[in-house]
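Single-structure report; data block below.
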Amino acid sequence: MIDHALQFAMSCYGLALVLNLYRIFRAAGVPDRVLALDTMVINAIALLTLLGIKEGTTVYFEASMLIAMVGFVSTVAYAKFMLRGDIIE
């Protein structure tokens, strides 16, 4: 039963990734694209976590933590760039 639930959740997050990709290409402005990219990072973390549960290994959890850190730093850096025009002061 858990295999079916994992497969359903993975397909839902995969669909969410495709819809976020559509939003990146059709967004009205740059902040909407940044928000879509941040949501894609969250969906990728969820997919890796589900894959780690399905495979029963911890490698995917470590990869999801790395993606979370890189996604957070990139979102903060891009938000700072949009507000101030530069990243490094």
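The values are calculated or read from the model by the stated rules, or taken from the named source; none is laboratory data. Keep in mind that this is a model prediction, so the values were computed, not measured. Please note: Cβ atoms are built from the backbone with ideal geometry, for glycine as well, and neighbour counts cover all protein chains shown.
What the table shows:
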quantity: Test: residue in the stretch 32-52 that is without any contact (Cβ under 8 Å) to a residue 40 or more places away in the chain, within 30 Å of ALA5 (Cβ to Cβ) and more than 15 Å from the chain's Cα centre (by Cα); calculated: yes
quantity: Residues located in the stretch 43-62, provided they are surrounded by fewer than 17 Cβ atoms within 10 Å (Cβ to Cβ), among the β-branched types (Val, Ile, Thr) and assigned to a helix (DSSP H, G or I); calculated: ILE53, VAL59
quantity: Candidates LEU6, LEU35, LEU15, filtered to the one that is at pLDDT 95 or above and part of a helix (DSSP H, G or I); calculated: LEU15
quantity: Failed criterion for MET65 (all others in (1) surrounded by 14 or more Cβ atoms within 10 Å (Cβ to Cβ); (2) over 10 Å from the mean Cα position of the chain (by Cα); (3) more than 30 Å from GLY85 (Cβ to Cβ) hold); calculated: (1)
